[in-house]
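Contents: one structure, followed by commentary.
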Amino acid sequence: MIKPLPATLIHLWPDETQQKLIEQLEQQYEIVQSQIHVEFHYVDHNNAYSLWMNLLNDIQQQNELVSLVIAVQSEIDQEWLEQQLWQSEQYLPGEYAASICLSSLQLSIEDLTEIKTIKFVKHVKNISEYLKKKSPNFADQLQQEAAFILFLDDPLQISTAKKVQQYLGKFGIELHHGLYCYAYLGGATEMKALFGTLLCMQMNEDVITLAYSVQHPQTFFVYQPVSMVEELEQNAA
């Protein structure tokens, strides 16, 4: 079990909380404690993107383990709120939780059906050509108006739209292909990239979806339906 938490909790999350969590899982689901490993990761706006990337890489290498990732952010604390509101009257407090169950592609679990594959790809100069090789249907996606890419950056920043056009427009990805989640995640800036990449799992079920930040112009989180992956493998056989 992996629990990303805001960096503000780094000195507040006691070891007793972890032990109580493990005991609760053991009692409710009859899981032996030795089968549970809990990791806490404290996220700030400087490491959220790289932390999620590293977690995916680690999980990909774990061929005998299943990882339950629970991301939690809560700013419902009076002292914290007063401090933030004193700095900015426009501050919008956030309280969010998101979870996802992940495993290596090589791991098959009885009575559990995979929904999507997630890949973290970097150093991709032409994302359209890359995805057309993975799925011939991606060319059709570019011709549709439906959104398939979730942008993690603040759309109110003028530079954001310019950079989207600069990095993606030449590959056929237009602004109307995107959704912006930044403004809906409140003032919890340190967790926005992480929650955004998890939110991307809820987008269109039958097409390739992407999570993208202009701060990392040649880097993408790629979400692909398992049915599409299986179809491609059958056609290649």
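The values are calculated or read from the model by the stated rules, or taken from the named source; none is laboratory data. Source: prediction; values computed, not measured. Because the Cβ atoms are built from the backbone with ideal geometry, glycine has one as well, and the counts that use them run over all protein chains shown. Surface accessibility is based on the protein's heavy atoms, side chains included, excluding ligands, DNA and RNA. Shrake-Rupley method; radii C 1.70, N 1.55, O 1.52, S 1.80 Å.
Some points to look at:
- Carbon plus sulfur fraction of accessible area for region 132-183, probe 1.4 Å, in percent: 51
- In a reduced charge model with +1 at each Lys and Arg Cβ and -1 at each Asp and Glu Cβ, the chain shows a dipole moment near 1260 debye about its Cα centre.
- Protein heavy-atom accessible surface, 1.4 Å probe, per residue over the chain: 60 Å².
- Spin-label pair ASP206-LEU156: with each label point 7 Å from Cα along the Cα-Cβ axis, the two points sit 3.8 nm from one another.
- ILE115 - accessible surface, heavy atoms, 1.4 Å probe, Å² rounded to 10: 110
- Helical content alone sets the calculated 222 nm signal of the chain at -10000 deg cm²/dmol, taking -39,500 (n - 2.57) per DSSP H segment of four or more residues and averaging over every residue.
- Solvent-accessible area, 1.4 Å probe, carbon plus sulfur percent, for region 1-127: 49
- Only Cα sites of region 129-181 enter the Debye sum here, all with the same form factor; the resulting log10 I(q)/I(0) across q = 0.20, 0.21, 0.28 1/Å is -0.73, -0.79, -1.17, listed in q order.
- Sequence-ordered 3J(HN,Hα) estimates for region 33-39 from the Karplus curve with 6.51, -1.76 and 1.60 and θ = phi - 60° stand at 4, 5, 8, 10, 10, 10, 10 Hz, glycine and proline given as x.
- Computed as a quarter of the hull surface, the mean projected area of the alpha carbon convex hull for region 1-140 stands at 12.8 nm².
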